[in-house]
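Colleague: Sending over a structure as structure tokens; questions will come in a sec.
The values are calculated or read from the model by the stated rules, or taken from the named source; none is laboratory data. Keep in mind it's a predicted model, so treat the numbers as computed, not measured. As a convention, Cβ positions derive from the backbone with ideal geometry for all residues, glycine included, and neighbour counts pool all protein chains shown.
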Amino acid sequence: MIELYKFGAKGPLCDPSPFCVKVEAYLRMADLPYKTHSGIQFLRSSPKDKLPYIKDDGATVSDSTFIIRHLEKKHNNALDGHLCDAEKAIAHGLTKMIDENLYWTVVHARWILDHNWLIMKEMFFGSLAFPLKLFIPNMIRKNVRKGMKKHGIGRHSDTEIAEIGSWDLKCLSDVLGDKNYFLGDRPSSLDAAAYGILSQMILSDTFTAPIFDKARTHQNLAAYTNRIHDKYFADYT
Ligand SMILES: N[C@@H](CCC(=O)N[C@@H](CS)C(=O)NCC(=O)O)C(=O)O
């Protein structure tokens with residue numbers, strides 16, 4: 001049985017990490033049986049110090065992209081087997097846009113916008129013992145800010161970061177159009193990645209940000225996210 005290590009459900013989201021949601025959505029869309037282990041402590045046992053990772057028949061695979069490639073290979077291209085090479089290329093390109101670009105606008109909205117940071121602090125560090133809770137959360141936030149600067153996204157203003165995200169959202173909305181899934185009538189790994197990020201932006205009302213408002217203005221993306229949620233994640237309300 002595949003074992004998925006993740007942070008753990010928050011409200012309607014099976015996980016606050018888009019990458020953990022991506023892998024879980026893949027497993028559900030491909031109808032592969034799995035069980036989950038939830039907790040921030042699994043960061044310590046993760047080979048790449050990040051979540052998600054999986055254990056599968058004695059192999060440990062870390063990073064959502066490697067996990068999905070591993071599962072596709074092992075299970076006869078369960079989700080992407082019906083795609084032609086050009087569609088596979090589109091799926092790859094859009095998935096990387098989501099993972100490497102749009103993702104950072106969610107990180108920015110949650111960790112950097114002050115009103116959301118207050119919520120994050122309570123949500124993830126509220127149970128820390130005194131006096132750890134006085135400095136650990138701020139230290140981690142500082143590291144996130146530093147990482148964003150090194151990446152480059154952190155050098156833009158709040159408005160510019162939201163604008164960068166809005167270009168990606170328009171691109172997703174235009175590709176989806178009025179189709180059921182991004183590449184037709186059947187889900188592909190791109191849908192797992194898209195649901196991973198869009199669920200964070202559209203389904204949860206814990207955090208508020210201009211980029212989340214923007215996501216909801218794309219009616220096809222909002223309807224799509226709710227549709228995927230109802231079909232594959234109805235057990236999370
Ligand atoms: N490229 C990785 C990214 C995973 C990732 O960034 N996970 C974040 C949560 S969204 C994480 O584990 N952060 C914890 C940390 O950096 O300490 C993937 O696709 O799985």
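Colleague: Going by the structure shown, is residue 49 part of a helix (DSSP H, G or I) and among the charged types (D, E, K, R)?
Modeller: Working: part of a helix (DSSP H, G or I): no; among the charged types (D, E, K, R): yes.
In short, no.
Colleague: Same structure again: So in the stretch 63-93, with the set limited to residues that are aliphatic (A, V, I, L, M) and surrounded by fewer than 15 Cβ atoms within 10 Å (Cβ to Cβ), which one is farthest from the ligand (Cβ to nearest atom)?
Modeller: Ranking the qualifying residues of the stretch 63-93, first place goes to 86.
Colleague: Is the stretch 109-126 home to any residue that is within 20 Å of residue 221 (Cα to Cα) and surrounded by 15 or more Cβ atoms within 10 Å (Cβ to Cβ)? Spell out the reasoning first.
Modeller: Step one: of the stretch 109-126, the residues within 20 Å of residue 221 (Cα to Cα) are 109.
Add one more test, that the residue is surrounded by 15 or more Cβ atoms within 10 Å (Cβ to Cβ), and what stays is 109.
Yes, that holds for at least one residue.
Colleague: In the set 179, 231, which member is out of contact with any Pro (no Cβ under 8 Å at 6 or more places or on another chain) and not in a helix (DSSP H, G or I)?
Modeller: Sole residue among the options that is out of contact with any Pro (no Cβ under 8 Å at 6 or more places or on another chain) and not in a helix (DSSP H, G or I): 179.
Colleague: Would you tally the residues in the stretch 164-187 being touching a residue at least 60 places away in the same chain (Cβ under 8 Å) and within 19 Å of residue 103 (Cα to Cα)?
Modeller: 8
Colleague: Further, regarding this structure: Out of 166, 199, I need the residue that is among the polar types (S, T, N, Q), modelled with pLDDT of 95 or more and touching a strand residue (DSSP E or B) at 6+ places or on another chain (Cβ under 9 Å). Which one?
Modeller: From the options 166, 199, the qualifying one is 199.
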